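Heads up, the thing below is written out as C-alpha cells.
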Amino acid sequence: MAEGTLAIPQIETSTPVRRFVQLIPGVLLLAAIGYLGKFIEQSISTYGKAHHLHLPNIEYVLWAIVIGLVVSNTIGIPDVFRPGVATYEFWLKAGIVLLGSRFLLGDVLKLGGISLTLVVLELAVAFSLMTLLGRWFSLKPKLTSLLSVGSAVCGVSAIIATKGAIDADDEDASYAIAAILAIGAISLFAFPLIGHWLHLSDRAYGLWAGLAVDNTAEATAAGAIYSDAAAKVAVLAKTTRNAMIGFVVLGYALYWASRGQAQNVTNKAAFLWQKFPKFVLGFLLISLLATAAVFNKEQLGSLANLSRWAFLLTFAGVGLRTNLRELKAQGLRPFAVGAIGELAIAGVTLAMVLVAAQAFNL
Amino acid sequence: MPKQQYEAHAGRFQLSTDVWAVITAIALAVLVKFGVLPRVPW
C-alpha cells in the first residue's frame, strides 16, 4: 500500500446467487466421496462373486465416512469446499423427509409410540447421569447442561439451541459439541459390532441406535451400516427424540432464568415452535401421502431412492467434518464425562430395547 | 476460513435448513408424482 493512502475496508455483500454458487464445490465433493464409497462397496461385492470369494460386506456408508475422515485429517478441506460441505445437514433432513415414503402412518404411530415411551425414559436416565458426572468431574454447570442435552436429545442441534437459550459460553458449547461428536464417531464403529454380536433384529438395533446415538446424521449412519431396515427404524426413533428438543431446551432456559443467569422466556408457545424441528412435519406429511396411496409403487421406490442419495451426501459430510486434531485440542475432561455418560446411556437404552423387543415382538 | 467463522456459517445455515429441506423434498415428491422426474435408480 502506498504511503499516505487510507485503506477503506471493503464490505462484502453476498447475493443469494453468489451464496448458492459457493455451495457447489463442496456439494460436488460430498457427492464424489459418497459415490466413491458406493463404488468401492459394489466393486468388492462384484469381485467376490466373480472369484467365488466370501468377502466381508462393508457398507458404502462406512466407506463414505472413512474416506471423508481420511481427507479431513490428512489434506484437510480447502476453504472453497467448506460452505458446500456444511450442507450435509440439509441433505440429511431432506433425506429424512423423503424417508417418510417408506413408512405407513400406522407404523410411524406404533414404532413412534414405542420410541416415545423409551425416549422419555432415556431422557430421565441421561439427564440424571450426566448431571451427576458433571459434578464429579467438577465441570462448569452450564457445560454440564450442554453435555446433558447433547447426549439425551439431539447432539449438536440441541447444544446450539440450549447454548443460546441459557447464555452459555462459546467455549463451553465447543467443548460439548466436540465431546459429543467424538463419541458419535466411535459409536459408528462400535454399535454395529455390538448389534451383530448380540444378534439384534433390524428393528431392535435401529431402535437402540436411534435412542443412543446423539447426532442425527450419525444415528442414521449407524443404522444404515447395520442394514437398510435398521436405518429406517433408527431415523424414526431419533426423529422422535429430536421432537422433544423444544421442551427440553425450554426447561433448561426456565431453570437458568430462575437463577438469573439467562433471559426469561416470555412466549413459551412461540419458543417451542421456534425450536421444534420442522423437518419432522415434512416426514409425517410424506408418510401420510404414502399411506393415502397418492404415489404408486414405482413412485414410492423413486422417493425412497432419492432419500438414499440424500443420505449418501450426508455420510460423506459426517466423515469430512470430523477433525480429530480439533477434537483432541478441546481437552479431556468434557470428553471423559461425555464418554462415561454415553457408555452408561448406551447400556441402559440397550437393556430397555431388549425388554421392548420381547414385549412388542420387534 | 477461521474455525469460528466456519462454525458460525454452518450454524447460520442450520437455522433455515429444516424449511429448505422440507421444501426441497416436497418439490422432489411433486416432480416424481407428475412424472417430471423419471424413475430414480439406486
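The values are calculated or read from the model by the stated rules, or taken from the named source; none is laboratory data. This is a predicted model, so every value here is computed, not measured. In this analysis, Cβ positions are derived from the backbone assuming ideal geometry, glycine residues included, and neighbour counts consider all displayed protein chains.
Residues in region A:338-346: is at least one among the charged types (D, E, K, R), surrounded by 19 or more Cβ atoms within 10 Å (Cβ to Cβ), within 12 Å of chain B (Cβ to nearest Cβ) and under 18 Å from the mean Cα position of the chain (by Cα)?
The answer is no, given that none of the residues of region A:338-346 is among the charged types (D, E, K, R), surrounded by 19 or more Cβ atoms within 10 Å (Cβ to Cβ), within 12 Å of chain B (Cβ to nearest Cβ) and under 18 Å from the mean Cα position of the chain (by Cα).
Can you tell me which residue in region A:80-123 is farthest from A:Leu207 (Cα to Cα), limited to those that are of a type in the set (Gly, Ala, Ser) and within 14 Å of another protein chain (Cβ to nearest Cβ)?
A:Gly84
Can you tell me how many residues in region A:139-166 are basic (Lys, Arg) and part of a helix (DSSP H, G or I)?
Going through region A:139-166 one residue at a time, the tally reaches 2.
For A:Leu285, all conditions in the list (1) under 16 Å from the mean Cα position of the chain (by Cα); (2) within 14 Å of chain B (Cβ to nearest Cβ); (3) not polar (S, T, N, Q) hold save one; what is the number of the exception?
(1)
Please indicate, with yes or no, whether at least one residue in region A:156-166 is over 24 Å from A:Ala270 (Cβ atoms), more than 14 Å from chain B (Cβ to nearest Cβ) and either surrounded by 22 or more Cβ atoms within 10 Å (Cβ to Cβ) or among the polar types (S, T, N, Q) (or both).
Checked against the condition, which is being over 24 Å from A:Ala270 (Cβ atoms), more than 14 Å from chain B (Cβ to nearest Cβ) and either surrounded by 22 or more Cβ atoms within 10 Å (Cβ to Cβ) or among the polar types (S, T, N, Q) (or both), region A:156-166 yields no hits at all.
How many of the residues in region A:141-155 are away from every other protein chain (no Cβ under 14 Å), closer than 20 Å to A:Glu218 by Cβ and among the small types (Gly, Ala, Ser)?
The qualifying residues number 4.
For region B:18-33, check the following and say yes or no: at least one residue is more than 9 Å from chain A (Cβ to nearest Cβ), part of a loop (DSSP other than H, G, I, E, B) and modelled with pLDDT of 50 or more. Before the answer, list the steps.
Our first condition is that a residue be more than 9 Å from chain A (Cβ to nearest Cβ); within region B:18-33, this holds for B:27, B:30-31.
Filter once more, so that each one left must be part of a loop (DSSP other than H, G, I, E, B): none.
So far as region B:18-33 goes, no, none of its residues is more than 9 Å from chain A (Cβ to nearest Cβ), part of a loop (DSSP other than H, G, I, E, B) and modelled with pLDDT of 50 or more.
With crowded, with 22+ Cβ neighbours inside 10 Å and at pLDDT below 90 as the only criterion, which of A:Leu92, A:Leu69 stands out?
Step by step, each of A:Leu92, A:Leu69 is checked, and only A:Leu92 is crowded, with 22+ Cβ neighbours inside 10 Å and at pLDDT below 90.
Output the number of the condition that B:Arg12 fails; it satisfies all remaining conditions of (1) modelled with pLDDT under 90; (2) at the interface with chain A (Cβ under 7 Å from one of its Cβ atoms); (3) surrounded by fewer than 17 Cβ atoms within 10 Å (Cβ to Cβ).
(2)
Would you confirm whether any residue within region A:45-52 is of a type in the set (Phe, Trp, Tyr) and more than 12 Å from every other protein chain (Cβ to nearest Cβ)?
Looking only at region A:45-52, we keep the residues that are of a type in the set (Phe, Trp, Tyr), and these are A:47.
Now drop any that are not more than 12 Å from every other protein chain (Cβ to nearest Cβ), which leaves A:47.
Yes, region A:45-52 contains at least one residue that is of a type in the set (Phe, Trp, Tyr) and more than 12 Å from every other protein chain (Cβ to nearest Cβ).
Out of A:Val280, A:Val294, report the one residue that is under 18 Å from A:Cys154 (Cβ atoms) and among the aliphatic types (A, V, I, L, M).
On inspection, the qualifying residue turns out to be A:Val280.
Of all residues in region A:69-105, how many are free of Cβ contacts under 8 Å to residues at least 12 places away in the same chain and among the charged types (D, E, K, R)?
Result for region A:69-105: 1.
Of all residues in region A:288-316 being β-branched (Val, Ile, Thr) and touching a residue at least 12 places away in the same chain (Cβ under 8 Å), which is farthest from the other protein chains (Cβ to nearest Cβ)?
As a first pass, look at region A:288-316 and keep what is β-branched (Val, Ile, Thr): A:291, A:294, A:314.
Now narrow it down to the ones that are touching a residue at least 12 places away in the same chain (Cβ under 8 Å): A:291, A:314.
On the way: A:Thr291: 14, A:Thr314: 11 Å.
Filtering region A:288-316 for residues that are β-branched (Val, Ile, Thr) and touching a residue at least 12 places away in the same chain (Cβ under 8 Å), the one farthest from the other protein chains (Cβ to nearest Cβ) comes out as A:Thr291.
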